[in-house]
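The values are calculated or read from the model by the stated rules, or taken from the named source; none is laboratory data. These numbers were taken from a predicted model, which means no experiment stands behind them. We place every Cβ from the backbone using ideal geometry, glycine too, and count neighbours over all the protein chains shown.
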Amino acid sequence: MGVKIRLARLGTKKRPFYRIVAVDSRKKRDGAYLENLGFYHPLEKDENQVQVKEERIKHWLGIGAKPSHTVKILLNKKGIMLR
């Protein structure tokens, strides 16, 4: 089982809201996930856009979870991924 850290879309039409989740790579985008790791609000101001649980993200990255391209960009903005 490969674990990915990716976005799950919530919210309404034209008002997106995303949950950053750890999920089995074979599951659907909005399907069941292993753990909720934070939120991404693209319509909010910069300081409130990304809220993450740093310790849990570092845990999942430490055991081999692969972040999606978008999540990698968000984590770099927060200073969590230094790769």
Any pair with Cβ under 9 angstrom, 6 or more apart, that starts in region 18-36 at a residue that is more than 24 Å from Gln49 (Cβ to Cβ) and ends at one that is of a type in the set (Asp, Glu): Gly31/Asp24; Ala32/Asp24
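Any idea how many residues of region 57-80 are touching a residue at least 12 places away in the same chain (Cβ under 8 Å) and surrounded by fewer than 16 Cβ atoms within 10 Å (Cβ to Cβ)?
Looking only at that region, the number is 8.
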Selection status of Ala8, surrounded by 11 or more Cβ atoms within 10 Å (Cβ to Cβ), among the small types (Gly, Ala, Ser), within 11 Å of the chain's Cα centre (by Cα) and on the phi < 0 side of the Ramachandran plot: yes
Number of positions in region 12-57 that are of a type outside the set (A, V, I, L, M) and in contact with a helix residue (DSSP H, G or I) (Cβ under 8 Å, 6 or more places away or on another chain): 6
Hits in region 13-36 (condition: among the hydroxyl-bearing types (Ser, Thr, Tyr) and at pLDDT 90 or above): Tyr18
